[in-house]
Amino acid sequence: MKKYNLIFLAIFSISLFAITACDSDNTAEEKMEAAQEKMEEAGQKIEEAGEEVAKTFSSESEELKHDLIKAREKVNKKLAELRVKNENATGEAKKALDEKIMTMEKWSKDLSQEMEKMNDDLGDDWGEFKTNVRQSLTNLEKDMDEMFNS
């Protein structure tokens, strides 16, 4: 929203400058008509910029949602595999699997919560939210690699 205000202010300032810089031979009516045309052009440019911002947000939002779903599916698949292994485990192996299961259940829950947050109106917090989710996904991938490849 702040971007729209800044864009509108810039365009309005340019329009105002253009009005005052007009030839002194122009009548007040001509100046008003010219100003009106410039304001209409500015309004159109603001509308186009708003549409572009909305398209960008929508595509970023869809991509992030897709990545969250993909990560949650990966976690849940590994979680199911661990639960199957845990059924036949005993002693220390069972204890280690129980710990992994608890960790992965938390990861799955965290991913679900992030997806729920996406449905909230994030407004100006979108950039920060997106950055935090991307960092969480990177950390999750790293932690899963360490858990299953070490």
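Each value in this text was obtained by applying a stated rule to the coordinates, not by laboratory testing. What you see is a predicted model; the values in this text were computed from it and never measured. Quick reminder, even Gly has a Cβ in these numbers, built from the backbone with ideal geometry, and neighbours come from all protein chains shown.
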- Given a Förster distance of 30 angstrom, what is the FRET efficiency for E99 paired with E73, based on the Cβ-Cβ distance and rounded to 0.05? 0.85
- Label-point separation (nm) for E62 and E128, each offset 7 Å from Cα along Cα-to-Cβ? 2.8
- Query: K117: which aspartates and glutamates have alpha carbons under 12 Å from its alpha carbon, excluding same-chain residues fewer than 8 sequence positions away?
  - Reply: D125
